[in-house]
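J.: Below is the structure I would like to discuss, written out as structure tokens.
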Amino acid sequence: MTEAPSAVRYSVVVPVYNNEDTLARLVQGLSALADRQGGRVEVVFVVDGAPDNSLAVLERVLPTAGLPSQLLVHSRNFGSFPAIRAGLAAARGQYLGVMAADLQEPPELMERFFDAMENAHADVVVGRRESRQDPALSSALSRAFWRLYRRFVNRHIPPGGVDVFGCTREVAARLLALAEAHSSLVGLLFWVGYRRVEVPYHRIRRESGNSGWSMRRRVRYLMDSVFSFTDIPIQALQAIGFIGSLVTLMVGLAVLGFWAVGRITEPGYTPLMLTILFSTFSILGGLGVVGSYVWRTYENSKGRPNSIVMRHRTFDG
């Protein structure tokens with residue numbers, strides 16, 4: 001016997017931004033997934049201030065889709081990770097999956113995630129990209145980004161990065177309790193630990209629209225991850241100070257030797273300039289590093305929510 005829609009066991013969270021061309025097909029694929037699971041699947045769409053017609057498309061197709069779903073609308077664009085957090089907070093399932101709305105990851109991947117959590121007794125499931133059908137430049141930038149991420153932030157991240165993941169209700173509650181501003185949700189997902197497995201998949205070429213994951217966003221995300229999860233900038237600053245001290249000492253000894261043999265006609269000019277330049281560079285660099293930490297501490301001390309949901313509708317399918 002088919003369970004009632006209220007008996008939701010699985011939730012799929014989908015952040016939406018500039019995806020009007022793929023939403024109808026996505027809803028169709030997720031509806032088929034819900035049918036295979038006996039109506040125990042709900043989908044939580046979070047429209048993150050999308051400037052296109054994504055909201056209008058969802059409001060048109062969801063009431064008649066036969067798919068238990070929720071529709072959350074942000075008051076403005078807060079970013080993908082705040083949208084995911086809002087979806088996780090609203091989801092009712094015991095097992096949760098997160099996927100993009102661009103159909104580069106098939107909806108069937110969520111079934112593999114749910115199966116892994118139930119049958120492999122995993123708490124966290126991450127998708128490991130075996131291949132990707134993306135433009136050469138996009139692929140190169142992505143590989144470079146995740147190589148730096150693995151090198152400086154977290155070596156346990158899959159080589160292709162993490163675009164989709166699943167977790168249990170307990171893990172989601174732990175993530176939501178970590179109300180950090182300007183942090184990395186993926187970094188937090190690995191930070192909380194728990195039993196984790198990887199599910200391989202092949203990333204499909206984007207059929208329509210453009211990715212919002214620009215180089216500027218990648219750099220910003222990498223910086224947030226570095227300052228939130230590592231002390232590498234502090235270590236680098238200490239190394240610069242140590243190396244600078246050695247260089248200054250050697251230059252000072254050399255200048256002293258030249259002065260002793262009468263080779264310097266303007267005493268004090270060269271070491272003074274070197275000292276001023278190096279000190280200025282070190283001070284400015286150090287202030288930048290310390291300022292980044294102070295700014296993030298200040299942002300977290302405000303206690304502002306990561307996002308604001310201005311509308312929330314539920315469709316029972």
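J.: When region 63-83 is examined, which residues are found to be at pLDDT below 90, within 24 Å of ILE308 (Cβ to Cβ) and surrounded by fewer than 23 Cβ atoms within 10 Å (Cβ to Cβ)?
T.: Hits for region 63-83 are SER75, ARG76, ASN77, PHE78, GLY79, SER80, PHE81, PRO82.
J.: Give region 65-86 a look and list any residue that's among the small types (Gly, Ala, Ser) and under 15 Å from the mean Cα position of the chain (by Cα), or say none.
T.: Hits for region 65-86 are GLY79, SER80, ALA83, ALA86.
J.: Confirm whether ALA56 is open to solvent by 20 Å² or more (accessible area, probe 1.4 Å), touching an Asp or Glu at 6+ places or on another chain (Cβ under 7 Å) and small (Gly, Ala, Ser). Spell out how you get there, then give the answer.
T.: Details: open to solvent by 20 Å² or more (accessible area, probe 1.4 Å): yes; touching an Asp or Glu at 6+ places or on another chain (Cβ under 7 Å): no; small (Gly, Ala, Ser): yes.
No; evaluated as a whole, the condition is false for this residue.
J.: Of everything in region 87-110 that's open to solvent by 40 Å² or more (accessible area, probe 1.4 Å) and assigned to a helix (DSSP H, G or I), which residue is farthest from VAL16 (Cα to Cα)?
T.: Among those residues, the one meeting the criterion is GLU108.
J.: For region 36-53, which positions are modelled with pLDDT of 85 or more, surrounded by 19 or more Cβ atoms within 10 Å (Cβ to Cβ) and under 17 Å from LEU23 (Cα atoms)?
T.: Residues satisfying the conditions are GLU42, VAL43, VAL44, PHE45, VAL46, VAL47, ASP48.
J.: Same structure again: Checking the condition under 26 Å from the mean Cα position of the chain (by Cα) and β-branched (Val, Ile, Thr), which residue from VAL61, VAL98, VAL8 passes?
T.: VAL98
J.: Conditions first: (1) surrounded by 22 or more Cβ atoms within 10 Å (Cβ to Cβ); (2) farther than 15 Å from PHE315 by Cβ. VAL27 passes all but one, so which condition is the exception?
T.: (2)
J.: Of (1) without any contact (Cβ under 8 Å) to a residue 12 or more places away in the chain; (2) in a loop (DSSP other than H, G, I, E, B), ARG60 satisfies all except one. Which?
T.: (2)
J.: Right, another one. For region 13-23, does any single residue satisfy the condition of being of a type in the set (Val, Ile, Thr) and outside any strand (DSSP E or B)?
T.: Checking region 13-23: at least one residue is of a type in the set (Val, Ile, Thr) and outside any strand (DSSP E or B).
The values are calculated or read from the model by the stated rules, or taken from the named source; none is laboratory data. None of these values were measured; they are calculated from a predicted model. Cβ: placed from backbone, ideal geometry, glycine included. Neighbour counts: every protein chain shown. All accessible areas refer to the heavy atoms of the entire protein, side chains included, with ligands and DNA or RNA removed. Shrake-Rupley method; radii C 1.70, N 1.55, O 1.52, S 1.80 Å.
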